[in-house]
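Read-outs: derived from the displayed coordinates by stated rules, not from any lab. On a predicted model such as this, the values are computed, not experimentally measured, just so you know. Every residue, glycine as well, gets a Cβ built from its backbone with ideal geometry; the counts of neighbours run over all protein chains shown.
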Amino acid sequence: MFNAQARDLEFYTRVMIAVSACGISFGLPFALYHLFWGSLVISAILIPVVALQLAALISLFRRGFNGFAAWSIAIIQTGANIFFIMEVGMMASYWLYASGVANYYILDRRPALLVNVLACLMAVVFAFDDPTYVVRYCAAFAMINIFLYTFAVQLEKKNDELDRMLTIDPLTRVGNRTAMDEALTRVRNLFDRYGTPATVIMIDLDHFKAINDTLGHSEGDKVLCRVADQVQARLRPTDTLFRYGGEEFIVVAENTSLSQASFLAEGIRQLIANHKGDQQQAEADLTVSIGVAQLRDDESTNSMVDRADKALYKAKSMGRNWVCFDGELERDSAEQPAGLSSRQAAG
């Protein structure tokens, strides 16, 4: 559900910058050597390769990680090594091992494997003439790719587990504060770029301390998980639930106006209040108080959350089991009083 995409892109940008810098650092001296003392053909291959890698490096600094830079570096360095082998012979085949390893750093594992297999086939068909060497080379190249591909699969699994540990609340299995901050940053960017509205719904369990005191903390934990599951089931695909702390939850509702979010919040309030079953009375009587706030032009997401928090305490002061929103609405609805509840408005 949650991921660290921005951090991942930053990591891969640094990796690709390192790969490009290495390619330029090793390729340029060889190009200059062959230009003055070696083969002009090799120099004619290496100089454009170095220039293209430099262009990719500039693109990485300006735009960060991007598909153009990744595929450019992979194809350029792999293609250059194939031509280099065709010109020099089998003695230059070790360069293809280096580019094959680098491809797994700058491409996803499947494209990297595809590029490496094609490179191996081209080298075998066009550059190698010794069958014995072909078999040895293909076996070694296959072993390297099997190892790298397997390692990439395991690394992805470990990264997914780490992302879940960093972004998911271990008790309720909804997002934690770190994931919430990422979601708020995303909706802020969408709001700034496209004017997409965003709203937060802050939910607090009423008299939750009494449940812990009478039923015990283990039962209190079960109540938190039950409420999280109920709220999660009520949300839309564009809504995301986070545990804000203790018995408080926050819903980040993307592309949602204040009126739409208030309707959603009232549905959540009714769902929790109407829940019955075989629980003990303290749990069966559980209700929630909710505060709602919509993102404004001139404020940060932290300010929006603070306004939702104030609206939540307004609901508490009204006797709990209410949905309230900030009274300072958009200009076209400013006449509505602060603390108006969707339950009150509906009745």
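Observations
- Of Lys209/Lys276; Lys209/Lys310; Lys157/Lys222; Lys276/Lys316, those spanning more than 25 Å from alpha-carbon to alpha-carbon: Lys157/Lys222
- Taking the average, over residues, of other Cβ atoms within 10 Å as the packing measure, peptides 150-163, 21-34, 66-79 rank 66-79, 21-34, 150-163 from highest down.
- Unit charges on C-beta of K, R, D, E only; dipole of the chain, Debye: 520 debye
- Counting only alpha carbon atoms, the long axis of helix 177-194 and the longest principal axis of the chain meet at about 80°.
- Karplus-based coupling profile of the stretch 69-85, in residue order and whole Hz: 5, 4, 5, 4, 5, 5, 5, 4, 5, 5, x, 4, 5, 5, 5, 5, 5, with θ = phi - 60° in 6.51 cos²θ - 1.76 cosθ + 1.60 and x standing for Gly or Pro.
- MRE, 222 nm, helices only [DSSP H, n ≥ 4, -39500 (n - 2.57), over the chain, to nearest 500]: -22500 deg cm²/dmol
- Note on Tyr149 and Ser259: with the Förster distance fixed at 51 Å, the Cβ-Cβ geometry gives a FRET efficiency of about 0.50.
- Relative intensity, log₁₀ I(q)/I(0), of the stretch 106-260 from a Debye sum that treats every alpha carbon as a point, q = 0.16, 0.20 Å⁻¹: -0.94, -1.19
- Only Lys, Arg, Asp and Glu carry charge here, each on its Cβ (+1 for the first two, -1 for the last two); on that basis the stretch 5-167 has a dipole of about 300 debye about its Cα centre.
- Among beta bridges that DSSP assigns inside the chain, antiparallel share in %, nearest 5: 85 percent
- Compactness of the chain as Cα Rg over 2.2 N^0.38 Å, two decimals: 1.45
- Gap separating the Cα centres of the stretch 151-183 and the stretch 287-311, nearest whole Å: 26 Å
- Put simply, the amide H of Tyr244, placed in the peptide plane, has neighbours under 5 Å in Phe249, Ile250, leaving out anything fewer than 5 places away on its chain.
- Relative contact order for the chain, counting Cα pairs under 8 Å that sit 6 or more residues apart, in percent: 12 percent
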